[in-house]
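First up is the structure itself, then whatever we jot down about it.
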Amino acid sequence: MLGEYTIVGSRASEIAASVEAGVGSGELAPGALLPPMRELAGALGVNPNTVAAAYRTLRERGVIETDGRRGSRVRARPASTPRDGLRVAVPPGGRDVASGNPDPAVLPQLSGALAAAARRYAQAPTRYGDEPVVPELARLARAGLDADGVPAGPVGLTSGALDALERVLSAHLRPGDAVAVEDPGWGSVLDLVPALGLRIAPVAVDDEGPVPEAVERALAEGARALVVTARAQNPTGAVVSAARAAVLRELLARHPHVLVIDDDHGHGIVDLPLEPLGGVTRHWALVRSTAKAYGPDLRLAVLTGDAVTVDRVLGRQRLGPGWVSRLLQYAVIELWTSGAVDAAAVARAYGERRDALVAALRERGVAAHGRSGMNVWVPVPDETGAVTRLLAAGWAVAPGARFRVDSGPGVRITVSPVAPAEIPALADAVAQAVRPARGVRYD
């Protein structure tokens with residue numbers, strides 16, 4: 001069952017630590033079946049309740065999962081092994097189209113905004129007890145949300161989109177609850193959910209967003225929350241269409257207890273309309289990040305939602321970091337009000353490269369997906385082989401394993417560092433790496 005590895009310990013914390021050490025060292029492989037609780041208790045000479053407590057701790061940490069009579073197993077991807085470990089090293093002279101970073105050429109210079117923030121701070125230094133959100137930023141953020149049809153709700157701030165997702169999930173869910181997550185989807189979310197002790201309920205995605213039948217199945221099986229990327233879905237570039245949103249809203253209306261989270265991380269780099277799903281159920285949230293449009297180091301995301309959700313998030317935030325730096329808030333105000341970023345021009349810059357790559361691949365018999373954002377998803381028959389051959393050709397792409405649970409193999413290509421003139425060469429390399437059989441398309 002466990003091979004040569006021996007679990008030790010006389011207390012629940014020691015047993016849990018022993019299992020976690022085995023997982024971390026690789027001696028307990030993903031999927032390894034753990035001994036039944038009574039059997040392990042007998043071997044260790046402890047009460048079965050002690051082993052039960054250890055297993056519960058491991059489930060809450062995202063290290064193991066329990067499936068009724070089938071027993072407890074090491075998770076296929078334990079929370080202690082994040083998907084970032086699947087990154088491909090870029091060889092000397094190679095091109096990195098894997099990292100998912102925005103194009104520095106379309107990001108604004110932050111020197112002016114930060115200088116303006118410093119001047120404003122000098123006039124009124126932040127003090128303990130000040131409001132966590134600068135009123136002007138809250139007003140500007142709410143106006144933008146209103147323009148996009150986001151339901152009314154209070155405004156909070158977090159240190160990026162993932163910080164917001166963690167806080168919202170923690171505000172409502174408890175270890176063991178299931179979260180419906182896009183598959184393929186953002187690798188960080190696929191790591192976060194089990195790290196919180198929650199279970200992933202994978203939901204298939206097409207070019208218009210989550211597939212309704214897959215969402216309905218996940219909710220019917222007990223998912224307590226649904227996380228949806230509204231636009232620029234990572235890794236597929238999907239966008240929730242108006243028609244798809246209408247179907248999903250109708251479906252969610254039959255599950256009013258489900259927490260719905262819209263992740264609008266693509267705000268500022270996408271020219272397609274937002275179709276939010278929030279407001280249909282009792283508890284909901286929408287997260288709007290500034291990182292993609294203004295730079296990854298600008299750690300600020302706008303959060304809105306129902307009053308209970310936002311109040312819980314901000315209340316817990318007060319007991320931790322307290323607030324998002326007002327210097328960052330002042331800088332964002334300056335960026336928003338100065339028109340430092342032309343969202344339409346940024347969306348056009350990414351769109352031209354993305355659309356050109358998708359078209360070039362299709363001309364070469366390779367199906368690809370990418371309706372918005374900076375990424376293109378290419379389904380492949382052999383993920384490892386495709387990544388290896390592309391690396392040999394000088395292109396480092398992201399392995400699809402970073403983004404999927406049950407969905408088929410693929411690779412993600414970030415177009416932001418690719419010049420339009422390089423698209424044909426990249427498409428040629430991908431086509432050679434995929435090597436589709438004659439007449440076969442990998443949709």
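The values are calculated or read from the model by the stated rules, or taken from the named source; none is laboratory data. From a predicted model like this one, the values you see are computed outputs, not experimental measurements. All Cβ positions, glycine included, derive from the backbone under ideal geometry; neighbour counts span all protein chains shown.
Looking for whichever is farther than 23 Å from Ala242 by Cβ, modelled with pLDDT of 95 or more and among the basic types (Lys, Arg) here; the options are Arg224, Arg199, Arg174. Which one fits?
Answer to the check: Arg224.
Just checking, does the stretch 244-257 include any residue being within 18 Å of the chain's Cα centre (by Cα), assigned to a loop (DSSP other than H, G, I, E, B), assigned by TED's automatic domain parsing to the domain that holds Leu303 and of a type outside the set (S, T, N, Q)?
no
Could you tell me whether the stretch 287-305 includes any residue that is part of a helix (DSSP H, G or I), in contact with a strand residue (DSSP E or B) (Cβ under 7 Å, 6 or more places away or on another chain), in the same structural domain as Thr158 (by TED's automatic domain parsing) and at negative phi?
Within the stretch 287-305, not a single residue is part of a helix (DSSP H, G or I), in contact with a strand residue (DSSP E or B) (Cβ under 7 Å, 6 or more places away or on another chain), in the same structural domain as Thr158 (by TED's automatic domain parsing) and at negative phi.
Restricted to the stretch 12-63, and to residues that are β-branched (Val, Ile, Thr) and crowded, with 22+ Cβ neighbours inside 10 Å, which residue is nearest to the chain's Cα centre (by Cα)?
Taking the candidates together, the pick is Val63.
Does Arg353 satisfy the criteria of being modelled with pLDDT of 95 or more, assigned to a helix (DSSP H, G or I) and either within 18 Å of Leu272 (Cβ to Cβ) or in contact with a His (Cβ under 7 Å, 6 or more places away or on another chain) (or both)?
For Arg353, the condition - modelled with pLDDT of 95 or more, assigned to a helix (DSSP H, G or I) and either within 18 Å of Leu272 (Cβ to Cβ) or in contact with a His (Cβ under 7 Å, 6 or more places away or on another chain) (or both) - is met.
With the structure loaded, tell me whether Gly373 is at positive phi and either buried (at least 21 other Cβ atoms within 10 Å of the Cβ) or not in a helix (DSSP H, G or I) (or both) or whether it fails that test.
yes
One residue is enough: does the stretch 200-212 have a residue meeting the conditions of a type in the set (A, V, I, L, M), out of contact with any Leu (no Cβ under 9 Å at 6 or more places or on another chain) and surrounded by fewer than 21 Cβ atoms within 10 Å (Cβ to Cβ)?
yes
Would you point out which residue out of Arg139, Arg174 is of a type outside the set (Gly, Ala, Ser), over 19 Å from Thr236 (Cβ atoms) and in a loop (DSSP other than H, G, I, E, B)?
Arg174
Residue by residue, here is whether (1) over 25 Å from the mean Cα position of the chain (by Cα); (2) over 16 Å from Gly237 (Cα atoms); (3) not hydroxyl-bearing (Ser, Thr, Tyr) holds:
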position	(1), (2), (3)
Gly322	no, yes, yes
Ile333	yes, yes, yes
Val346	no, no, yes
Ala360	yes, yes, yes
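Those residues that are acidic (Asp, Glu), surrounded by fewer than 19 Cβ atoms within 10 Å (Cβ to Cβ) and at pLDDT 95 or above, I need them from the stretch 229-288; list them, please.
Within the stretch 229-288, Glu250 is the sole residue that qualifies.
Looking at the stretch 211-237 only, could you name the residues that are among the hydrophobic types (A, V, I, L, M, F, W, C) and in contact with a Phe, Trp or Tyr (Cβ under 9 Å, 6 or more places away or on another chain)?
Val227, Ala232
Can you spot a residue in the stretch 405-417 that is basic (Lys, Arg), modelled with pLDDT of 95 or more and not assigned by TED's automatic domain parsing to the domain that holds Glu208?
Checked against the condition, which is being basic (Lys, Arg), modelled with pLDDT of 95 or more and not assigned by TED's automatic domain parsing to the domain that holds Glu208, the stretch 405-417 yields at least one hit.
Could you list, ordered by first residue, the pairs with Cβ atoms under 8 Å in which the first is in the stretch 407-431 and over 19 Å from Gln233 (Cβ atoms) and the second is of a type in the set (Phe, Trp, Tyr) and surrounded by fewer than 22 Cβ atoms within 10 Å (Cβ to Cβ), at least 6 apart or interchain?
none
Give the residue that is surrounded by the most Cβ atoms within 10 Å (Cβ to Cβ), with candidates limited to residues of the stretch 130-153 that are more than 21 Å from Ala331 (Cα to Cα) and not aliphatic (A, V, I, L, M).
Gly153
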